[in-house]
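K.L.:
Input: one structure, supplied below.
The values are calculated or read from the model by the stated rules, or taken from the named source; none is laboratory data. Remember, it's a predicted structure, so these values are computed and weren't measured experimentally. Because the Cβ atoms are built from the backbone with ideal geometry, glycine has one as well, and the counts that use them run over all protein chains shown. Only protein heavy atoms, including side chains, enter the accessible area calculation; ligands, DNA and RNA are left aside. Shrake-Rupley method; radii C 1.70, N 1.55, O 1.52, S 1.80 Å.
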Amino acid sequence: KQEVTQIPAALSVPEGENLVLNCSFTDSAIYNLQWFRQDPGKGLTSLLLIQSSQREQTSGRLNASLDKSSGRSTLYIAASQPGDSATYLCAVTGGGNKLTFGTGTQLKVEL
Amino acid sequence: GAVVSQHPSRVICKSGTSVKIECRSLDFQATTMFWYRQFPKQSLMLMATSNEGSKATYEQGVEKDKFLINHASLTLSTLTVTSAHPEDSSFYICSALRPQSGNTIYFGEGSWLTVV
């Protein structure tokens, strides 16, 4: 059974810092990995999707990497802003297009 | 704009009653939709896979008689929580598979259910 873990569970940083969120998964037989953002009481916003054949994806200040063989992904956020405060979830897609979500990292960027 | 719509976004119901949540794909036909639930401060857990025209496939530990899923058309799946109890209070969110976009999965906005 696929298990997805995210470290740290919570993170508080001052505005402007660069930061890294980590995601690990136990079964490397995945089709892709996605990073989502979830604001309190809201749904999911897809940030980046990395196909299993890819190593990284970039969107603006966000960069996600994937090392499928070691079961790891990182989300790099450059020059963090208070508006980046949210919970970040990674999810891997396995057979049947089912997503297994990680435990999430709650990020707070302070002024 | 949203390509998957969920309704209602928030609902409060009394214990013992049933409540229905709808998930619609707005501009594409979705033969496959997924239902997830999320307890406070926890991650999303897949409940079931909804297949148009056939029975839903439930994940282990999810009561199919309590969480009724109907995928009667290519754009609509419904989740009915029957005989709701306070412990069913949760955030329910659906997603739909869009074949035209290389099987990209789009999520609805989610529905907050509170059972009192």
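K.L.:
For residues that are at the interface with chain B (Cβ under 9 Å from one of its Cβ atoms) and either in contact with an Asp or Glu (Cβ under 8 Å, 6 or more places away or on another chain) or buried (at least 20 other Cβ atoms within 10 Å of the Cβ) (or both), tally how many sit in the range A:24-37.
P.N.:
So the answer is 2.
K.L.:
Follow-up. Within the range B:58-73, restricting attention to residues that are open to solvent by 70 Å² or more (accessible area, probe 1.4 Å) and among the polar types (S, T, N, Q), which residue is nearest to the other protein chains (Cβ to nearest Cβ)?
P.N.:
Only one residue tops the list, namely B:Q60.
K.L.:
If the requirement is being surrounded by fewer than 17 Cβ atoms within 10 Å (Cβ to Cβ), within 16 Å of B:I21 (Cβ to Cβ) and small (G, A, S), which of these qualifies: B:S83, B:S95, B:S89?
P.N.:
Just one listed residue meets the conditions, B:S83.
K.L.:
All but one of (1) within 19 Å of B:K41 (Cβ to Cβ); (2) assigned to a strand (DSSP E or B) hold for A:S24; which doesn't?
P.N.:
(1)
K.L.:
While we're on this one: Would it be correct to say that B:T82 is touching a Lys or Arg at 6+ places or on another chain (Cβ under 7 Å), among the polar types (S, T, N, Q) and away from every other protein chain (no Cβ under 12 Å)?
P.N.:
So B:T82 fits the description; yes.
K.L.:
Which one is farthest from the other protein chains (Cβ to nearest Cβ) among residues in the range B:19-41 that are closer than 17 Å to B:E87 by Cβ and surrounded by fewer than 19 Cβ atoms within 10 Å (Cβ to Cβ)?
P.N.:
Applying the filter and picking the extreme gives B:F39.
K.L.:
If you scan the range A:71-106, which residues turn out to be within 16 Å of the chain's Cα centre (by Cα), away from chain B (no Cβ under 14 Å) and not aromatic (F, W, Y)?
P.N.:
Residues satisfying the conditions are A:G71, A:R72, A:S73, A:T74, A:L75, A:I77, A:A78, A:S80, A:D84, A:S85.
K.L.:
If I ask for residues that are in a strand (DSSP E or B) and open to solvent by less than 20 Å² (accessible area, probe 1.4 Å), which ones from the range B:106-116 would you list?
P.N.:
B:S111, B:L113, B:V115
K.L.:
When you check A:G16 against the structure, is it open to solvent by less than 70 Å² (accessible area, probe 1.4 Å), modelled with pLDDT of 95 or more, more than 14 Å from the chain's Cα centre (by Cα) and at positive phi, yes or no?
P.N.:
When the stated conditions are applied, A:G16 passes them.
K.L.:
Also, quick follow-up: Let me confirm something: among B:K55, B:K66, which residue is modelled with pLDDT of 95 or more, out of contact with any Lys or Arg (no Cβ under 7 Å at 6 or more places or on another chain), among the charged types (D, E, K, R) and farther than 29 Å from A:A86 by Cβ?
P.N.:
B:K66
K.L.:
Considering only the range B:28-45, state which residues are assigned to a loop (DSSP other than H, G, I, E, B) and of a type in the set (A, V, I, L, M).
P.N.:
If the condition is that a residue be assigned to a loop (DSSP other than H, G, I, E, B) and of a type in the set (A, V, I, L, M), then B:A30 is the only one that fits.
K.L.:
Of everything in the range A:39-77 that's surrounded by 14 or more Cβ atoms within 10 Å (Cβ to Cβ) and of a type in the set (G, A, S), which residue is nearest to B:G108 (Cα to Cα)?
P.N.:
Across the range A:39-77, the extreme among qualifying residues is A:G43.
K.L.:
Look through B:L76, B:L97, B:L44, B:L113 and report the one residue that is more than 26 Å from A:V92 (Cβ to Cβ), among the aliphatic types (A, V, I, L, M) and either facing another protein chain (nearest Cβ under 10 Å) or in contact (Cβ under 8 Å) with a residue 60 or more places away in the chain (or both).
P.N.:
Answer to the check: B:L113.
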